[in-house]
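Rule-based calculations on the coordinates, nothing more; no lab input. None of these values were measured; they are calculated from a predicted model. For neighbour counting, all protein chains shown are included, and Cβ atoms are generated from backbone atoms with ideal geometry for every residue, glycine included.
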Number of protein chains: 2
Amino acid sequence: MKIHPVIMAGGSGTRFWPLSRKDRPKQFLRLAGDAPLLAATVARLPPLARADRTWVVCGPQHAAAARRMLPQLPKDHFIVEPCARNTAPCVGLAALHVAARDPQGIMAMLPADHHIAKPAAFRDAIAAGAQLAERGAIATIGIRPSRPETGYGYLKLGPRLAARGGKGAPRLHAFKVERFVEKPDAKTAARYLADGSYLWNSGIFVFRADVILEEIRRAMPVLGEQLAQIAAALGTPAYARTLKRVFPECPSISIDYGVMEKSDRIAVVPADFGWSDVGSFAALPDVRSTDATGNVAEGDALVIDGRNNVVIATEGRPVAVIGLDEVVVVDAGDAILVCRRDRAQDVRKAVEELTRRGRDEVL
Amino acid sequence: MKIHPVIMAGGSGTRFWPLSRKDRPKQFLRLAGDAPLLAATVARLPPLARADRTWVVCGPQHAAAARRMLPQLPKDHFIVEPCARNTAPCVGLAALHVAARDPQGIMAMLPADHHIAKPAAFRDAIAAGAQLAERGAIATIGIRPSRPETGYGYLKLGPRLAARGGKGAPRLHAFKVERFVEKPDAKTAARYLADGSYLWNSGIFVFRADVILEEIRRAMPVLGEQLAQIAAALGTPAYARTLKRVFPECPSISIDYGVMEKSDRIAVVPADFGWSDVGSFAALPDVRSTDATGNVAEGDALVIDGRNNVVIATEGRPVAVIGLDEVVVVDAGDAILVCRRDRAQDVRKAVEELTRRGRDEVL
């Protein structure tokens with residue numbers, strides 16, 4: 001069974017400003033350890049999948065940096081989207097490329113900017129998803145919730161799926177998906193947690209290239225037609241021109257909303273591999289080591305009488321934080337952020353204001 | 001009546017770190033406006049006193065910078081203390097210098113690091129103090145309290161003093177001092193405020209040079225003897241050598257504690273000239289302009305959803321503060337401070353820790 005991991009590295013969010021910039025988005029940052037999130041995403045794949053079968057989808061402004069960061073990947077495995085059109089076109093475009101090599105190849109769609117604490121458990125889950133995918137399912141990885149999180153989508157478990165492996169095959173722990181659920185409010189999230197049959201939607205999917213293309217044609221016929229035009233040009237000198245013409249016209253819709261929620265082939269592999277989507281600075285204590293009083297204190301950070309702070313001081317100058325709890329302080333060299341930890345989502349407001357002021361040099 | 005202002009610029013505190021450093025103490029900082037506090041202290045004296053009668057006392061490490069900052073003062077009006085010995089030796093040494101020119105000269109002792117919002121009212125108060133000083137009193141300036149401040153010493157008013165000026169002389173509004181009071185606790189401070197007969201001790205004194213030297217001899221005979229040794233060398237080639245030998249031996253005691261509290265010649269001029277001792281970053285909203293939500297936001301400060309913060313961002317890079325109230329954020333270029341406003345006194349803890357770590361380059 002050949003697995004073709006496809007790393008979705010097209011993100012360009014602002015929630016990690018001032019560390020992240022237009023030309024250095026989240027997936028390029030060393031948020032969860034010594035390696036950038038994108039590099040760590042690729043590094044955790046072997047021995048499940050080989051580097052020469054691994055793909056990266058990203059925007060034109062990040063392609064060169066991604067290639068430099070991942071020299072072990074084939075040069076032509078960097079799929080460059082002319083512009084960001086959400087995940088449905090991204091998945092479709094990647095499926096064309098994989099299908100051209102291996103029509104029934106199993107794709108593992110992996111966000112480039114997540115953290116996974118237990119890579120072996122992660123690979124086991126992907127392997128289980130691949131088993132499901134091989135027989136035509138669209139497998140998603142569902143994370144057992146550990147808290148009433150309102151920032152994630154959820155999956156409601158349906159009936160258990162029977163294993164169909166041969167004699168001696170590992171017992172397959174998988175379920176049908178009854179439905180996808182949008183980010184809930186706090187009360188609903190608490191109910192989901194107590195209920196036990198709801199999992200976090202990790203955004204990780206495993207499917208055959210031919211299956212997902214078929215599902216796209218069925219659920220999103222316009223996108224299906226657009227992908228067909230690109231497919232016709234694939235491997236010809238007309239490819240770049242066609243992509244540049246057709247791709248920006250594609251509907252900007254997520255694969256979850258555009259395809260998954262309308263498909264009856266969805267299965268879910270429940271898993272628990274220390275997953276975090278590293279959604280904002282507030283999540284760093286989940287993915288980095290903290291001191292005895294709960295502080296993430298990087299570099300020259302100096303926390304005095306403070307708890308549960310995130311202080312990033314890796315610019316060679318001291319950052320002293322005194323008498324404060326639950327704050328985020330980031331020195332990025334040419335810009336500084338100080339933010340209440342539970343307001344870390346609002347970092348975008350600073351980006352908006354700096355955009356309004358024309359401070360492009362720090363955006 | 002010749003007034004000889006003596007600016008006490010020997011301070012070397014740490015409460016304004018990271019703006020203040022060993023070689024750039026508080027009085028050299030532009031905390032309350034466009035001019036450094038020391039320069040503003042000198043600039044508010046005319047027409048009450050002339051620059052060529054103004055003196056500065058400071059440490060050897062700051063003398064060159066003080067001379068550069070105050071080119072209008074005579075070169076020999078910078079009295080350099082070999083080391084810091086609190087205010088009693090400072091006052092005594094200055095009195096020797098003034099007495100050598102003008103034995104009954106009236107000295108106005110002025111801290112170099114205070115802010116005064118109403119300079120004309122300040123000069124009126126000093127002029128009133130000079131009237132008292134001329135007839136032998138030691139005049140202090142008492143500030144009418146506007147809040148139950150626990151960070152200042154207080155003066156308890158005694159009986160009102162009768163005016164002794166000639167016909168047409170302005171009515172003198174002055175009192176005996178019943179006693180000096182140390183910094184009170186919150187309850188006591190509230191009582192002082194309600195009582196009405198307590199004033200803040202501004203640390204500003206006016207007296208004749210011969211009078212203060214006599215009072216020092218009476219109340220601090222050891223210091224009196226040490227000053228006599230220095231006086232004998234004054235104006236001779238032995239001065240520097242003698243000062244260097246004798247001054248470090250002087251008792252390190254404040255003029256308030258060593259002399260004022262033991263003298264019966266103390267009078268007080270109640271005044272209200274927008275005085276602040278600018279004790280820490282927490283005081284900056286009192287001496288600088290604030291925005292509509294109470295923030296002091298200097299330079300590239302960007303306060304989003306926050307009130308009553310002090311954000312100093314004068315290093316040419318943006319400092320974004322999101323969702324926080326009552327914090328101090330200071331970017332000093334090579335070091336950054338983030339502190340709860342009511343913990344601004346604890347900035348010294350950061351200095352202590354950096355000292356322990358041997359980070360001399362930011363101290």
Along Cα-to-Cβ, 7 Å out, sits the label point; list in nm, shortest first, how far the one on B:D76 is from those in the other copies.
-> 9.0
Taking the label point as lying 7 angstrom from Cα along the Cα-to-Cβ axis, what are the distances from B:K22 to the corresponding position in the remaining copies, in ascending order and in nanometres?
-> 4.5
Which links in A:K22/B:K22; B:K118/B:K156; A:K26/A:K244; B:K183/B:K244 stretch past 30 Å when you go from one Cα to the other?
-> A:K22/B:K22; B:K183/B:K244
Point-charge dipole on Cβ atoms (K/R +1, D/E -1) for the protein assembly as shown, about Cα centre, debye to 20 = 120
Going by alpha carbons, how many degrees (0 to 90, nearest 10) lie between the helix axis of A:221-233 and the longest principal axis of chain A?
-> 80
Read phi for every residue in region B:98-105 and hand back ³J(HN,Hα) as whole Hz from Karplus 6.51 cos²θ - 1.76 cosθ + 1.60, θ = phi - 60°, with x for Gly and Pro.
-> 5, 4, 5, 8, 8, x, 9, x
All other residues with a Cβ under 9 Å from the Cβ of A:L31 taken together, and with Lys, Arg as +1 and Asp, Glu as -1, what is their net charge?
-> +2
Relative contact order (percent, whole number), chain A, Cα cutoff 8 Å, 6+ residue spacing | 20
Out of residues 5 or more away from A:G153 or on other chains, whose amide H comes under 5 Å of its own, with H placed 1.01 Å from N in the peptide plane?
-> A:N201
Report, by chain and number, residues whose modeled amide H sits under 5 Å from the one on B:W55, excluding near sequence neighbours (fewer than 5 apart, same chain).
-> B:V6, B:I7
What ratio of Cα Rg to 2.2 N^0.38 Å holds for region B:312-363?
-> 1.23
For chain B, modelled as a GNM with alpha-carbon contacts under 10 angstrom, which of B:R67, B:R144, B:R343 fluctuates the most?
-> B:R343
Please find the FRET efficiency linking B:Q61 to B:E225, where r is the Cβ-Cβ separation and R0 is fixed at 22 Å, and quote it to the nearest 0.05.
-> 0.20
Listed residues B:P46, B:V211, B:W200: farthest to the positive end of the dipole of region B:3-276 (Cβ charges) | B:P46
For region B:206-336, the Debye formula with one identical point scatterer on each Cα and no solvent gives log10 I(q)/I(0) at q = 0.11 Å⁻¹ as -0.69
Per residue of B:341-347, other chain Cβ atoms within 10 Å number on average 3
Length released on extending from A:Y239 to A:A121, taking residue separation times 0.36 nm less the Cα-Cα span | 38.6 nm
Using +1 on the beta carbon of Lys and Arg, -1 on that of Asp and Glu, and nothing else charged, what's the dipole of region B:238-298 about the Cα centre, debye to 20?
-> 580
With θ set to phi - 60°, apply the Karplus curve 6.51 cos²θ - 1.76 cosθ + 1.60 along region B:12-26 and write out the HN-Hα couplings as whole Hz, x wherever there is a Gly or Pro.
-> 8, x, 10, 6, 10, 5, x, 5, 8, 9, 3, 9, 8, x, 3
Net lengthening on full extension, B:R68/B:R307 (0.36 nm per residue, minus Cα-Cα) | 82.2 nm
Please list, in chain and number order, the residues 5+ apart from A:G142 or on another chain whose amide H is under 5 Å from its amide H, with Hs placed from the backbone.
-> A:V269, A:A271
What residue among A:G153, B:A335, A:F16 has its Cα farthest toward the positive end of the dipole of the protein assembly as shown, where the charges are +1 on Lys, Arg and -1 on Asp, Glu, each on the Cβ?
-> B:A335
Residue-span extension gain [A:E182 to A:D23] - 0.36 nm each, minus C-alpha spacing | 54.2 nm
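How high is the relative contact order of region B:281-362, in percent, with contacts defined as C-alpha pairs under 8 Å that are six or more residues apart?
Result for region B:281-362 is 21 percent.
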For chain A, with a Gaussian network of springs between Cα atoms less than 10 Å apart, report the residue from A:A117, A:A133, A:A194 with the top mean-square fluctuation.
-> A:A194
With contacts defined as alpha carbon pairs under 8 Å and 6 or more residues apart, what's the relative contact order of region B:211-271 in percent?
-> 36
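Rounded to the nearest 20 debye, what is the charge dipole size of region B:281-362 about its Cα centre when +1 sits on each Lys and Arg Cβ and -1 on each Asp and Glu Cβ? Let's see the in-between values first.
Numbers: 11 positive and 16 negative charges, 52 e Å.
Dipole of region B:281-362, to the nearest 20 debye: 240 debye.
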Rounded to the nearest 5, the percent of DSSP beta bridges in chain B running antiparallel is 45
Report the residue, chosen from B:M107, B:M260, B:M69, that carries the largest GNM mean-square fluctuation when chain B is represented by alpha-carbon nodes joined by springs under 10 Å.
-> B:M69
Along region A:319-324, Karplus-curve 3J(HN,Hα) (6.51, -1.76, 1.60; θ = phi - 60°) to the nearest Hz, with x for Gly and Pro, reads 10, 9, 10, 10, x, 10
Give the nm distances, rounded to one decimal, from A:Q61 to the matching residue in every other copy, measuring between label points 7 Å along Cα toward the beta carbon; shortest first.
-> 4.7
Within the P(r) computed for the protein assembly as shown, what percentage of the Cα pairs occupies the region above 51 Å?
-> 36
